[in-house]
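Undergrad: Shown below is the structure under consideration.
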C-alpha cells in the first residue's frame with residue numbers, strides 16, 4: 001500500500017469511528033436533555049459556564065452568535081430555574097457575572113455521565129489484548145492531536161479568527 005492510500009484508509013476509518021462515537025454520545029445527550037426538559041442551547045450554556053467559572057452575559061451572546069437580549073433571556077430562564085446565579089462584578093458594577101449554582105453544576109456533571117455512559121459497556125465487550133493495544137494507540141493519537149492543537153493556537157495568536165464572534169475559523173479576517 002502506498003503512503004497516500006494508507007492515509008486515506010486511516011482517514012476513512014477515523015471518520016467511521018468518530019461517527020459511531022458521536023451517535024452513542026448524542027443519544028445519551030438527547031435522552032438526558034429530554035429528561036431535564038432543557039433545550040440543547042441551555043445545556044450548552046451550562047457546559048460553557050462549567051469550563052469558565054465566571055462570565056458576563058455579553059460574552060455569551062458573542063460566543064453563541066446571538067443578540068445580547070437573546071442571551072439575557074436564556075440566562076434569565078436558567079436563573080429562575082436555580083441553575084445560574086448572577087453577581088455584580090467587583091470591578092465594574094454595570095457588569096453582571098454568571099456562575100453555575102450547585103444544581104447547575106450537577107446538571108452538567110450528569111450530562112457528561114449520560115454522554116459517556118456507553119463507554120464502560122463497550123470497554124467490557126473488547127478483549128483485554130485489544131483494549132491494551134487500543135489504549136496505546138489512543139494515547140499516541142491524543143499526543144498528535146495536542147501537537148496539532150498547539151500549532152493552531154500559535155497560528156491564531158497572530159491572526160485572530162473571530163470578529164466579535166461572527167467570523168468563522170474557515171475564513172479568518174485579515175488585519
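Undergrad: Quick one: which residue in 5, 12 is over 18 Å from the mean Cα position of the chain (by Cα), assigned to a helix (DSSP H, G or I) and at pLDDT below 90? Let's see the steps before the verdict.
TA: Values: 12 fails: at pLDDT below 90.
It is 5.
Undergrad: Within the stretch 74-100, which residues are under 21 Å from residue 64 (Cα atoms) and either at pLDDT 95 or above or outside any strand (DSSP E or B) (or both)?
TA: Scanning the stretch 74-100 gives 74, 75, 76, 77, 78, 79, 80, 81, 83, 95.
Undergrad: If you don't mind, another one. Quick one: residue 51 ticks every box in (1) over 18 Å from the mean Cα position of the chain (by Cα); (2) closer than 21 Å to residue 107 by Cβ except a single one, so which number is it?
TA: If we test residue 51 against (1) over 18 Å from the mean Cα position of the chain (by Cα); (2) closer than 21 Å to residue 107 by Cβ, just (1) comes out false.
Undergrad: Does the stretch 11-20 contain any residue that is loosely packed, with under 14 Cβ neighbours inside 10 Å, free of Cβ contacts under 8 Å to residues at least 40 places away in the same chain and within 19 Å of residue 110 (Cβ to Cβ)? Give the steps one after another, and end with the answer.
TA: Here is the first cut: in the stretch 11-20, the ones loosely packed, with under 14 Cβ neighbours inside 10 Å are 11-20.
In the following step, the residues that additionally are free of Cβ contacts under 8 Å to residues at least 40 places away in the same chain were identified as 11-20.
Next cut, within 19 Å of residue 110 (Cβ to Cβ) only: none.
No, the stretch 11-20 has no match at all.
Undergrad: Related question: Checking the structure you have, find out if any residue of the stretch 60-73 is buried (at least 17 other Cβ atoms within 10 Å of the Cβ) and not in a helix (DSSP H, G or I).
TA: Looking through the stretch 60-73, none of the residues is buried (at least 17 other Cβ atoms within 10 Å of the Cβ) and not in a helix (DSSP H, G or I).
Undergrad: Which residue out of 48, 23 is free of Cβ contacts under 8 Å to residues at least 12 places away in the same chain, closer than 27 Å to residue 142 by Cβ and part of a helix (DSSP H, G or I)?
TA: Numbers: 48 fails: free of Cβ contacts under 8 Å to residues at least 12 places away in the same chain.
When all the criteria are applied, what remains is 23.
The values are calculated or read from the model by the stated rules, or taken from the named source; none is laboratory data. All values derive from a computational prediction rather than experimental measurement. FYI the Cβ positions are ideal-geometry reconstructions off the backbone, even for glycines, and counts take in every protein chain you see.
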